[in-house]
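In what follows, a structure is listed as structure tokens, so that the remarks can point back to it.
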Amino acid sequence: MEFQIAQRKRAKIKMAIQGHSGSGKTYSALLVAHGLSQSWEKVAVIDTENESSHLYAHLGGYKVLGISAPFEPEKYIEAIDFCVASGIEVVVIDSITHEWECLLDYHGSLSGNSFTNWNKVTPRHNAFVQKILQAPVHIIATVRTKQDYVLTEKNGKTIPEKVGLKSVQRDGLDYEFTLVFDLDNKNLAHASKDRTGLFFGKPEHKLTATTGNIISKWCMEELEPQIEYVKDRINNASTIIELLGLYNQFAQFNDLLLPYYEKRKQELRQAKNRALEGNLNPIPNEQPTNS
């Protein structure tokens, strides 16, 4: 065992937007997604809502991947993997409510002991949750809500009493997300959970691309000094072998710094060619040679 100093690494936001029908979940999720990626081509929607995400095609050329009933967790997992393999940066899952409703139907169809039957359901749901948390992309999940009730006693009678809205998903799922927004009937959002510290306690507001941009900066803020350090090392590399060493050493930044690697590699090759043409001593070879 060995302790490590706590430090923020490059984060991929895992957030949920929950609300009742008509509260603007899909539209808000798309705007935030665009703010995160700065490119509609890097946004994909996993659509379980009868292709409702196509209604907002006027926003930009985002991609839609529709899945149909039964909405098994394995279908969601396969869809997320497909998005990652396709180079998508932000995945909107609209919605994850269908996954839990599908598992509830499956549990209800099983014969035998209801309690032990959860052993056949929980692992499938947990695999779905872990896929969301571990996927190397930003994920925005929409969640339907419904009126929640508690039983209270009045005048000796037990009656149901409204206590607000409850998400239609497994209890406690919101704890898995870094950020959870609740939407009201005016499409205004307030953060019911916020590990970023950016929105909690702030006035209700509409979710926009600016919201996504703010989140994106939070995901990157602690990495800027490290990225600048690697950029400086790249620009001062004297051989392609040295560049390759940096590429392997700082692999976590490769997707961000690839243009810098390519630029410096081209500069080194051009410098070597000029030296050879001028009959000068070339810069160090890319690899040792035997003379």
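Figures for the structure shown
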read-out: Cα-centred dipole magnitude for the chain, charges only on beta-carbon of K, R (+1) and D, E (-1), debye, nearest 20; value: 340 debye
read-out: Hull shadow area, averaged, the chain [alpha-carbon convex hull, nm²]; value: 24.9 nm²
read-out: Percent accessible area from carbon and sulfur atoms, the chain, protein chains only, probe 1.4 Å; value: 51 percent
read-out: Equivalent ellipsoid semi-axes - Cα gyration tensor, the range 17-131, angstrom; value: 30, 15, 11
read-out: Sites matching GluC sites (Glu not before Pro) across the range 1-106 that sit in DSSP coil, with at most 14 neighbouring C-beta atoms within 10 Å; value: Glu2, Glu51
read-out: Distance cut-off 12 Å, percentage of C-alpha pairs in the range 223-276 lying past it; value: 62 percent
read-out: Selection from Thr26, Ser192, Leu55, by position along the positive dipole direction of the chain (Cβ); value: Ser192
read-out: Where the chain is the region considered: accessible area per residue in Å², 1.4 Å probe; value: 59 Å²
read-out: Two-site label geometry, Leu244 and Leu104: point separation in nm, points 7 Å out along Cα→Cβ; value: 5.7 nm
read-out: Fraction of beta bridges assigned by DSSP in the range 54-199 that are antiparallel (%, nearest 5); value: 80 percent
read-out: Listed residue pairs exceeding 26 Å between alpha carbons, taken from Lys25/Lys131; Lys75/Lys186; Lys63/Lys263; Lys63/Lys265; value: Lys75/Lys186; Lys63/Lys263; Lys63/Lys265
read-out: DSSP beta bridges in the chain [antiparallel fraction, %, rounded to 5]; value: 40 percent
read-out: Computed magnitude of the charge dipole of the range 1-121 (debye, nearest 20; Cβ of K, R +1, Cβ of D, E -1); value: 560 debye
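The values are calculated or read from the model by the stated rules, or taken from the named source; none is laboratory data. All values reported here derive from a predicted model rather than from experimental measurement. FYI the Cβ positions are ideal-geometry reconstructions off the backbone, even for glycines, and counts take in every protein chain you see. Quick note on the areas: whole protein, heavy atoms, side chains included, nothing else; ligands and nucleic acids left out. Shrake-Rupley method; radii C 1.70, N 1.55, O 1.52, S 1.80 Å.
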